[in-house]
Amino acid sequence: MILWINGAFGSGKTTISYELNRRISNSFVYDPENVGYFIRKNTPKQILKKDFQDHDIWREINFSVLQTISNEFSGIVIVPMTIVNPHYFKEIIDRLRSNGIEVKHFTLLASRETLLKRLRSRGNNKNSWPAKQIDRCTNSLSQDIFKTHIHTDELSPEEIINRIASECNLKLKPDNRGIIKKKIDRLITQIKHIRP
């Protein structure tokens, strides 16, 4: 099974994905952005697109890698990735489903104010690239194709994780960490995934 965690930048995709990874036995986090960074480093600037998702090869590689992992790995694959173009969604997620792979897709939604607050907490100002994508992301992700929607403004990470696990009939391992340890773990995850 693939759990695809979608949402605007600042919606909590990475935090939720790594918390799920801690709580789901035999799970693995796959980050499609790494293919994008590979493309950026290995493509002549003259043909490089502004958004690496616009490269056909980005979608093809991620589809192929996810299909291979799903066919060879017996556990749960967790994918934290913003994908707002319905056509690209179909090229990867619907194509995986049509090949017999179970993909559970969740979109984490939040208000503009909440997203900006979360982005500020990780060092992005209102003029940063992620902040400038908020309207485009929230407008597109509200479409039915991007369901299941989870409105996160008033939810804790634990509530989001429990909802996803419940909807997927997944058993979570107990979380015996204290509040401070959870905060430290989440901060470390956030720092590790700051992108240039």
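Quick notes on this one:
- Only residues that are open to solvent by less than 70 Å² (accessible area, probe 1.4 Å) and of a type in the set (S, T, N, Q) were counted across region 10-48, and they come to 7.
- Only one of the numbered conditions (1) farther than 28 Å from Gly36 by Cα; (2) out of contact with any helix residue (DSSP H, G or I) (no Cβ under 7 Å at 6 or more places or on another chain); (3) in a loop (DSSP other than H, G, I, E, B) is violated by Lys181, and that is (3).
- Number of the exception - Arg163 against (1) within 16 Å of Lys13 (Cα to Cα); (2) out of contact with any strand residue (DSSP E or B) (no Cβ under 8 Å at 6 or more places or on another chain); (3) without any contact (Cβ under 8 Å) to a residue 40 or more places away in the chain: (2)
- Filtering region 86-109 to residues that are open to solvent by 40 Å² or more (accessible area, probe 1.4 Å) and of a type in the set (Ser, Thr, Tyr) leaves only Ser98.
- Within region 128-139, residues that are more than 11 Å from Leu109 (Cα to Cα) sit with their Cβ atoms under 8 Å from residues that are among the basic types (Lys, Arg), at 6+ positions apart or across chains, in these pairs: Asp135/Arg112.
- Any helices (runs of 4 or more DSSP H) falling wholly within region 1-116 and containing at least 1 residues that are in contact with a His (Cβ under 7 Å, 6 or more places away or on another chain): 13-23, 33-41
The values are calculated or read from the model by the stated rules, or taken from the named source; none is laboratory data. Note that the coordinates shown come from a computational prediction; the quantities given were computed from them, not determined experimentally. A quick note on method: Cβ atoms are made from the backbone with ideal geometry, for glycine too, and the neighbour counts reach across all protein chains shown. Surface areas here come from the heavy atoms of the whole protein model, side chains and all, with no ligands, DNA or RNA. Shrake-Rupley method; radii C 1.70, N 1.55, O 1.52, S 1.80 Å.
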